[in-house]
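Okay, so here's the structure we're looking at.
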Amino acid sequence: MPTPPETLVPNQIVIKHNQNIDENIDQIDAELSKRFIALDTAGYFIIYIDPIQKLIFAKHFTNEINAQGLATDPETGKVIPAKGQVKREPTRVFQAYTAKQLCVEIFENSSIPPVTMLDHAAYIGREAQKAEWALRQNQTYIQD
């Protein structure tokens, strides 16, 4: 059966079958990154790696969501910027050698899991996997 010239995948992203697979993946990711994302009222994570210790870290911070849907600092009420430095103390710091270990610590070994939304949990899993890959490949990891 001949391959169709293009296929429509969820969220109206057109995949061109004559393109390199990496181009298609990059296109899918770029388009999906434009979608609306509701913020988790349980907080957010800053994920990073320590190449010396060979560890993945996930710092959890609480937040509140204001009427505009923006994350705010529960203590000050100020909007938490998506980029740049913010001086806040995490509620908890998770560390692990692998993505699986990190996710088990966050989702299974926490008495109260610090995530209330399935899409947020999926995001944490994807980011943990990217962080592990970067650690194993001696690459830089940048959280999406």
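Throughout, read-outs are computed from the coordinates displayed, never taken from laboratory work. Every value quoted in this text rests on a predicted model; they were computed, and no experiment measured them. Using ideal geometry, Cβ is built from the backbone for each residue, glycine included, and neighbour counts are taken over all protein chains shown.
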> By counting other Cβ atoms within 10 Å of each Cβ, how are 107, 57 ranked from fewest to most?
Replying inline: 107, 57
> Rounded to the nearest 0.05, what FRET efficiency is calculated for residue 25 and residue 139 with R0 set to 25 Å and r the Cβ-Cβ distance?
Replying inline: 0.90
> Hey, what angle do you get for helix 21-32 against the long axis of the chain, alpha-carbon based, 0 to 90 degrees rounded to 10?
Replying inline: 50
>> Output the 0 to 90 degree angle, nearest 10, between the alpha-carbon long axis of helix 118-136 and the longest principal axis computed from the alpha carbons of the chain.
In response: 80
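How much mean residue ellipticity at 222 nm does the chain get from its helices, if each DSSP H run of length 4 or more adds -39500 (n - 2.57) and you divide by all residues, to the nearest 500 deg cm²/dmol? Show your work: numbers first, answer last.
Working: 3 runs with 36 residues, N = 144.
Estimated from H runs of four or more residues: -8000 deg cm²/dmol.
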> So how compact is region 85-133: Cα radius of gyration and Dmax in angstrom?
Replying inline: 11.3, 30
> Fewest to most neighbouring Cβ within 10 Å: what's the order for 22, 119?
Replying inline: 22, 119
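If you place +1 on the Cβ of every Lys and Arg, -1 on the Cβ of every Asp and Glu, and leave all else neutral, what size is the dipole of the chain about its Cα centre, to the nearest 20 Debye? Intermediate results must be reported in sequence, preceding the final value.
On the way: 14 positive and 18 negative charges, 57 e Å.
That gives the chain a dipole magnitude of about 280 debye.
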>> Normalised radius of gyration for region 44-136, please: alpha carbon Rg relative to 2.2 N^0.38 Å, two decimal places.
In response: 1.12
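What is the total of Lys pairs in region 44-136 with C-alpha atoms under 15 Å apart, excluding same-chain pairs fewer than 8 positions apart? Display every interim value, and only then the final one.
Values: 54/100; 54/130; 59/87; 78/87; 100/130.
So the count works out to 5.
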> Which listed residue (49, 106, 21) has the Cα farthest towards the positive end of the charge dipole for the chain, taking +1 on Lys and Arg C-beta and -1 on Asp and Glu C-beta about the Cα centre?
Replying inline: 49
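For the chain, what's the relative contact order in percent, using C-alpha pairs closer than 8 Å and at least 6 residues apart? Numbers along the way, then the final one.
On the way: 186 pairs, mean separation 30.3, N = 144.
Here the relative contact order equals 21 percent.
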